[in-house]
Amino acid sequence: MKDAELSRELKSGTVGGLYFFWGEEDYLKNRRAAEMKQAALGEDETLAAFNCAEFVFGDGEFDEAAVENALLSSPMMGFTGLSAGKKFVSMTFSSVDSLKSRGGRTKEEDGGAGAPDAEEQSAADGANGSGEQEPKEKEEEKGGRAKNRLLEFLKAAPVSEEDTVVVVKAVSGGFDGGTEKRPSPFLREAEKFMKVVEFPCQPESRLIRWMERHFAEYGLTPEPEVCPWILRSAGRSMYRLSGELTKTAAYAAVRIEEREKGAPRVVTLNDAKECVTASDEDDAFGLANCMTDGDAAGALRYLRIKMANREDPSMILGQISRAFTDLYAAACFAADGRDASDFAKTMKMNEWRAKICYRAASKVSPGRYAEAIRLCLEADRQLKSRAGGGSTGVGGGGSAASGSGVYAPIERLVCLLSPSARASSASPAPLPVRGVSNAGGR
């Protein structure tokens with residue numbers, strides 16, 4: 001089921017039954033769930049309080065009894081005796097994949113027997129009788145040995161489409177849905193009895209239209225370069241973007257109404273630059289890109305911002321190392337003639353970010369990134385050796401701004417990757433390409 005189909009269901013007032021929301025965009029999942037709650041419960045806030053149950057479960061958590069009680073209760077009716085509509089139950093899971101459990105008999109049911117028999121052991125180990133390991137999907141399908149507690153509960157859940165709306169949300173990062181051609185066993189099974197809706201990371205064109213509508217709520221129109229610049233700076237998370245858009249819109253409205261009365265109601269690029277906070281990950285990626293491009297001045301500008309914010313130098317170096325590892329992997333894929341979509345699938349990386357990595361890395365040889373990774377390792381050793389000497393800590397000895405303090409190894413890393421430094425030193429042998437699919441994996 002697509003989000004557009006769900007939207008049509010909402011407009012027609014036909015929502016009901018079991019829904020499973022998954023995908024990378026949590027903002028859209030939660031917004032749709034809120035709309036479904038409103039459609040199911042109506043306007044009466046008192047009745048809504050009685051007819052609604054919302055659960056949030058952490059890693060490995062699931063209270064089946066509490067959820068079942070909520071599902072078994074009947075919708076409360078108002079004083080007129082008319083039905084209050086439907087009841088609404090939502091469950092949010094930080095990790096659906098952590099709810100795996102083994103089927104079959106327990107030790108207690110087997111009279112306390114300590115070891116399984118040969119057949120059980122073979123199934124538990126995923127062996128196919130010839131000593132070879134079977135794929136995980138085959139193991140789950142064959143006898144149902146590895147089961148998901150949530151999936152098994154939902155199959156038997158007492159849900160009536162006439163009076164109940166149940167929304168199950170898998171938080172981004174806590175559920176592996178597989179691919180379009182090979183969905184995970186959970187998804188294949190869920191689609192048989194639930195309405196499964198994916199909420200992927202949105203393409204740039206849709207995000208820009210959404211941002212323009214957000215500004216329009218303030219009676220503002222952004223200049224053409226504003227929305228793309230905010231996307232590049234703040235990233236694509238709609239939760240993060242909504243906060244940055246609200247700040248920028250409020251700032252622009254105050255500027256127009258109080259300081260520049262009569263000015264056009266336009267959000268300028270300067271408004272965005274005054275308000276938007278760049279994401280750490282994008283800063284690290286930009287810093288790494290400047291370093292491999294030999295733009296020492298640009299790299300130091302990124303670094304100075306992090307230093308001014310007194311960020312932990314170990315965290316900064318970790319972000320840079322991760323960015324270089326991703327870029328190195330992308331460069332290896334490009335050198336092998338593999339495309340960006342192949343890179344994204346193999347690395348299990350967000351497609352938008354994968355395309356940016358691939359575009360940046362396809363113009364650079366893998367050896368350049370191998371050199372950068374080696375220098376990151378050396379900088380890490382220097383940071384840890386300073387920690388051993390008791391001189392670390394953001395407020396520790398030496399002035400970070402002068403280059404002699406805790407940030408000095410990172411500043412040295414920037415300088416070593418500048419064109420003059422590379423020209424005066426022999427480049428080390430590139431890292432082996434074998435096994436690169438594990439580099440920077442998600």
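Quick notes
- Qualifying residue in the stretch 262-273 (condition: hydroxyl-bearing (Ser, Thr, Tyr), buried (at least 19 other Cβ atoms within 10 Å of the Cβ) and at pLDDT 90 or above): no
- Test for Val226: is it surrounded by fewer than 16 Cβ atoms within 10 Å (Cβ to Cβ) and either more than 27 Å from Ile356 (Cα to Cα) or in contact with a Leu (Cβ under 8 Å, 6 or more places away or on another chain) (or both): no
- Test: Ser237 is in contact with a Phe, Trp or Tyr (Cβ under 8 Å, 6 or more places away or on another chain) and either under 14 Å from Tyr27 (Cβ atoms) or not β-branched (Val, Ile, Thr) (or both): yes
- Counting only residues that are in a helix (DSSP H, G or I) and either among the aromatic types (Phe, Trp, Tyr) or surrounded by fewer than 24 Cβ atoms within 10 Å (Cβ to Cβ) (or both), the stretch 320-344 holds 13 of them.
- Within the stretch 211-232, being within 26 Å of the chain's Cα centre (by Cα) and either within 16 Å of Ala253 (Cα to Cα) or outside the structural domain of Ala263 (by TED's automatic domain parsing) (or both) holds for Met211, Glu212, Arg213, His214, Phe215, Val226.
- Note on the stretch 163-211: among residues that are among the acidic types (Asp, Glu) and surrounded by fewer than 16 Cβ atoms within 10 Å (Cβ to Cβ), the one that is farthest from Arg236 (Cα to Cα) is Glu191.
- Which listed residue is in a loop (DSSP other than H, G, I, E, B), out of contact with any Leu (no Cβ under 7 Å at 6 or more places or on another chain) and on the phi < 0 side of the Ramachandran plot, from Ser74, Ser90: Ser74
- Pick from the stretch 345-364, criterion assigned to a helix (DSSP H, G or I), surrounded by fewer than 21 Cβ atoms within 10 Å (Cβ to Cβ) and not basic (Lys, Arg), ranking: farthest from the chain's Cα centre (by Cα): Ala360
- Ala400 surrounded by 19 or more Cβ atoms within 10 Å (Cβ to Cβ), at pLDDT below 50 and not in a helix (DSSP H, G or I): yes
- Identity of the residue in the stretch 298-330, among the aliphatic types (A, V, I, L, M) and touching a Cys at 6+ places or on another chain (Cβ under 9 Å), that ends up nearest to Arg368 (Cα to Cα): Leu327
- Count of residues meeting criterion [without any contact (Cβ under 8 Å) to a residue 12 or more places away in the chain and within 13 Å of Leu269 (Cβ to Cβ)] in the stretch 203-255: 1
- Criterion: of a type in the set (D, E, K, R) and more than 24 Å from Ala354 (Cα to Cα) - qualifying residue of Glu189, Glu244: Glu189
The values are calculated or read from the model by the stated rules, or taken from the named source; none is laboratory data. Just so it is clear, the structure is predicted and the values come from calculations on it, not from any experiment. Positions of Cβ are backbone-derived with ideal geometry, glycine not excepted, and every protein chain shown enters the neighbour counts.
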